[in-house]
Amino acid sequence: MCLRVKTVKRTLSMLLSMLLLLAPLSHLPAQEVREAEFLGNATHYLSMGDFRKAAKAFEEAAKINPDNVEAHKGLGISYMKLGSGDAVTFPEILEKATAAFHRALLINPDLSEVRYNLALTYLSLHNKSAATREYEILLKSDPKLAEQLSAAITSHELPPSYHETGRPVSEESNQTRVTIDGNRVLVPITFKQGDRAVQVNLLLDTGATTTTISPGTASRLGIDMAKTAKITGQVFGGGIIEGRSIRMDSTTVGPHTRTGMRIDIVPHIGPPVRYDGLLGMDFLRGLKYHVDFKNQLIHWVK
């Protein structure tokens, strides 16, 4: 009986040792599966034009495998799309794009498409000399793509209100002093309703459809909430929030004023923030501007 117990204990000990040896091996495939899942999701988001979700998923894939060139390449493209458009440029986001592209090229220097996108990102940052350096390298590996890049470099012009960091800003350029809070751009807005005018800071949010203010600002403007229209909306996470809607006499941001624009009055939910609401695309649509993070300015392009 004693011998049988010892045999069972020895067998269990051997099994335990085998499981401990196999544990690292079983962990690796699980990581590879997660990496593939993140890459698959990121690629899907990228194809759908949801660059924020794509960037987040590519970041997760790169954390799991820092040598995954596809993750860094996709991350660079996502940041490039997020940081530059026809209407707005975010230099800090574009700099993240260049870092991701550089990481991909460090892993594989022969990626012509990545070098091409890196050069385009430099152009969005108005750095022609850096873009030209990438062109000279690309000319040796992919002359056809280099030709396309050359045309982009030749046709690129600085926006009228752009200035290099460290140089004085022309008084003639249309500019608005803003507050930078991390990656958030807080823009001073002046609202007028009747004989009252109030200036508040709103968060610049290109993902917001409408511009919003808090009930406190509405009160300062003398708005009678009983005479406003009731609205409901869905917040992040799926919750429903109730608010009110009005037509503001005038809304002014820098040199631009819109009259009769619909403004939603929505209470803030969560920890205190440094802004009073959101500056949405209903105001920004059709305007071109450059956000200068280092000098905390918006340059409005004519």
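Annotations
- Filter result for G243 (farther than 18 Å from K230 by Cβ, assigned by TED's automatic domain parsing to the domain that holds K230 and in a strand (DSSP E or B)): no
- Just so you know, in region 52-76 the residues that are surrounded by 24 or more Cβ atoms within 10 Å (Cβ to Cβ) and not small (G, A, S) include one that is nearest to the chain's Cα centre (by Cα), and it is L75.
- Residue list for region 231-253, filter: at pLDDT 90 or above and farther than 23 Å from L82 by Cβ: R244, S245, I246, R247, M248, D249, S250, T251, T252
The values are calculated or read from the model by the stated rules, or taken from the named source; none is laboratory data. Keep in mind that this is a model prediction, so the values were computed, not measured. Every residue, glycine as well, gets a Cβ built from its backbone with ideal geometry; the counts of neighbours run over all protein chains shown.
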